[in-house]
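First comes the structure, then the notes that go with it.
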Amino acid sequence: MSDAVIPAKIADKVETPFRRFVSEFAESKVALGGLVVFIIIALLAIFAPWITPQNPYDLAELDIMDGRMEPGTVGGAGFTFLLGTDDQGRDMLSGIIYGLRISLIVGAGSALIACLIGASLGLLAAYAGGRTDSVIMRLVDLQLSFPTILAALMILAFLGKGIMNVVIALVLVEWAYYARTVRGTALVERRREYIEAAQCLALPTHRILFRHLLPNCLPPLIVVGTMQVARAIALEATLSFLGLGVPITEPSLGLLIANGYEYMLSGKYWISFYPGIALLITIVSINLVGDQLRDVLNPRLKK
Amino acid sequence: MTVYLVRRILQALLVVLAMSLIVFIGVYAIGDPVEILISPDADQIERERAVQALGLDLPLWQQYAVFLTKALQGDLGRSFVYNEPALKLILQRMPATLELAFGATIIALIIGLPLGLYAGLRPEGRFSRVIMAGSILGFSLPTFWVGLMLIMVFAVYLGWLPSTGRGDTGTLLGLQWSFLTWDGIRHMTMPAINLALFKISLVIRLTRAGVRETMLMDYVKFARAKGLSPARVTFVHVFKNILIPVVTVVGLELGSTIAFSVVTESVFAWPGMGKLIIDSINVLDRPVIVAYLMMIVLMFIAINLIVDLTYSMLDPRVRLESKGT
C-alpha cells in the first residue's frame, strides 16, 4: 500500500499496522454498519438484566394471563409489551435479549474452543509433516465430507440434549475448518527465514509453534473464526428449533422461534417473527464484518 | 486404473467400517445399551431375555461382531414406536425425501442459472447487485426461519399453498410420489423452494463466476468476431461450457441436500426420513436412529466414491497422482 492512499488526516501520524488495518476496514460503510450493529447486539446481550423490562426466566414474574398478547399491549405488570408475549406471558423483547445471550455464548464459545483445538492440530500437522500430517488431514477430510447438520445430529443423538452437548457438537463439527486453514498458511510460513532462525537458536518446539508460527497464521484464522461464529449461531438455532438444543427453561433464539411455530398458523406471527429477525440481524452483521475482514486481511487483494 | 479403483473402494469400505465402529461405540459404549435397545416398557423377564437375545452379556468386541453381522444382513433392530424393522421404516420414508431433494435441485437450476447468467453478463448492473446481495442472504439465512416465513406469508396470510404434509400421492413403481398429483405438487412447492434456497445462491455464484471467466476466452471472442448474434454466443458458446461444472457441483450437493432436508421436513411436517429421525431422537427410538445414521453414512460414502471415480476417469491427473504416492 502506498502512502498516497492513506487519508490525509492520519497520514501525519505514525502508521502502525493496527491503525492501517482499522482505516482499511472502515473503507466499507456497510461493514462498519455491520460492526456497529453487532456491538449493539453484544452490549444488549451483556447488559440484558439491566435493560429488559422483565426477567424471562423468573417464572414468578410471568403472568399466564398476559399470554399471546399482541405487540404494543399493556400487560398486568404495568409495562408495555413492545413485541408482544408468548404463550406463557413472557415479554418477547426480554425473551429475545436473553435469548441473544445464550445464542452468542454458545456460538462464540464453541467457535473459540474449536479454534483452539483446530488451530493447534493444524499447526502441528504443518510443522511435523509426514505421518502426523496425513493422519490429521485424513480426519479433517472425513469431517468435512459430512454436512455439518448431520454430524451435529449424530453427536446429539448419542450424547442427548443440553447446552454442553450442543457446544461439544458444534466444536466437533467446526474444528476441521480451522485446522485446514491454519495448516494451509503454516505450510507456507514454516519455510520462511524467521522459522529457520528460531530453529537455529534451538528454541523449544512449542515456543516456535505458538510464538513464531501462530502469530503469522492469524489473519486467515480471524476471518474463518468470524464466519464460523455466525455459522455456529445459525446451527445452534437450527438444532434448538429441532428440539435438540438448549433446554426449554432458558430458551435461545432458535427455541423461541420453535415455540411460536404452532401459534403462527393461527396468525399470531410475533412469537416466531421477532426472534427470527433478531437472529437474522445477528448473523448478517457478523457476516458483513467477516466479509470485509477477508478483503482487508487477504494479501492477494492488497493494493 | 484398476489399481486406483480397488484402492479407492477398499478405502471406502474402511471408512464404512470406521463409521460403523463410531456408531457402535456411540450406542453401546457411551449410552447404556440395555436402555437404548430395549423398550422401556419391558418387564424384568423380557429385559433379561432381550439382553441374551442381543448378546449384551458378551464381551464388547464380540458384541461388535454380532452388530456387524446383523447389519450386513440388513437387520438394524426394531423400532420401539412402530414395532417394525428400523431399516424398513427408513426405506419407506425415503421416496418422500428423495423427491423433495430432486425437486429442490431442479428449482435451484431453473432459478439460479438465468439469474447467475444475467449477473455474469452485466456484473456492474443494478439488478446484478441485487441478485448478488440476495445470494448472500440465501447463504446466511437459517433455512428453518425462511421456511416459517414462507408458511406465514403463503399459507397463513395469502392462503395460496398448504403448509404441512404431502397431500395426495400417485403410485409409480409401487411407491407413493407426490409429484404425480396436482395436490401433491401444491404441497411440495414450499418445502422444495425452502430446501432450494441455499442451492439457488450456490448456483448463482457458480454461474456468475463461470460466465465472467468464459467471456474472456478466445473462442468467445472469435464467435463474436465471426458476427454471431449475442444470443447465440451467450447460449451456445458460453452457457454450454459453464453448464458442466455447475451441474457437477449441484450433483455433488445432492447428499447434503438430503441431509439438510431434516430441517425442511420438520418445518413443513413432510413425512420423509428427516422428519422420522427427528421424531425418533425426540422419543428416543434408538434403533431407528442407528439405522438412519448407518444408511446416511453409507449413502455419503457411496456418493463420494462415485464422484471420485468419475473424476479419475475424466481427469487423468488424479490417477497419476495416486500412483505416485
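Points worth noting:
- Note on B:Gln92 and A:Ser145: their simple-model spin labels are 3.2 nm apart, each label 7 Å out from Cα toward Cβ.
- Computed FRET value (nearest 0.05) for B:Val156 with B:Ala209, which takes r as the C-beta separation and R₀ as 45 Å: 0.75
- Here, the range A:87-171 yields an orientationally averaged convex hull projection of 7.2 nm² when only Cα atoms define the hull.
- Trypsin sites (Lys or Arg not before Pro) within the range A:103-212: DSSP coil, no more than 13 neighbouring Cβ in 10 Å: A:Arg191, A:Arg192
- Using the Cβ-Cβ distance between A:Arg192 and B:Val247 with R0 = 41 Å, the FRET efficiency computed as 1/(1 + (r/R0)^6) comes to roughly 0.50.
- Overall, the range A:144-303 carries a charge dipole of about 600 debye about its Cα centre when +1 sits on the Cβ of Lys and Arg and -1 on the Cβ of Asp and Glu, all other atoms neutral.
- Over 32 Å between alpha carbons, listed pairs B:Lys199/B:Lys275; A:Lys268/B:Lys199; A:Lys161/A:Lys268; A:Lys29/A:Lys161: A:Lys29/A:Lys161
- Column: log10 I(q)/I(0), Debye, Cα scatterers of the range B:232-286, q = 0.14, 0.21, 0.26 Å⁻¹: -0.55, -0.76, -0.93
- Exposure proxy ranking, count of Cβ atoms within 10 Å, fewest first, for A:Leu32, A:Leu170: A:Leu32, A:Leu170
- Summarised in one figure, the compactness ratio Rg/Rh of the range A:222-303, Cα atoms and Kirkwood Rh, is 1.15.
- Along its principal axes, the range A:209-254 has C-alpha extents of 45, 16, 13 angstrom, given from the largest down.
- Under 18 Å from a label point set 7 Å out along the Cα-to-Cβ vector of B:Phe235, the amide N atoms of the range B:115-157 belong to B:115-122.
- HN-Hα J in Hz across the range B:201-206 - Karplus 6.51, -1.76, 1.60, θ = phi - 60°, x for Gly and Pro: 4, 4, 5, 4, 5, 4
- Convex hull (Cα only) mean projected area of the range B:159-307, reported in nm² to one decimal: 12.8 nm²
- Residues whose amide H lies under 5 Å from that of B:Gly77, counting only those 5 or more places away or on a different chain, are B:Ala86; hydrogens are built 1.01 Å from N in the peptide plane.
- Each of B:Met19, B:Met190 was scored by other Cβ atoms within 10 Å of its Cβ. Listed from fewest to most, they are B:Met19, B:Met190.
- Across the range B:274-281, rounded Karplus estimates of 3J(HN,Hα) from the backbone phi angles (6.51 cos²θ - 1.76 cosθ + 1.60, θ = phi - 60°) give x, 4, 4, 5, 5, 4, 5, 5 Hz, Gly and Pro being marked x.
- Normalised by residue number, the volume inside the convex hull of the Cα atoms of the range A:162-257 is 98 Å³ per residue.
- Compared with the alpha-carbon gap, the fully stretched path from A:Leu159 to A:Val36 is longer by 40.5 nm at 0.36 nm per residue.
FYI, it's all coordinate maths here, none of it is from the lab. All values reported here derive from a predicted model rather than from experimental measurement. When we count neighbours, we look across all protein chains shown, and the Cβ atoms used for this are built from the backbone with ideal geometry, even at glycine.
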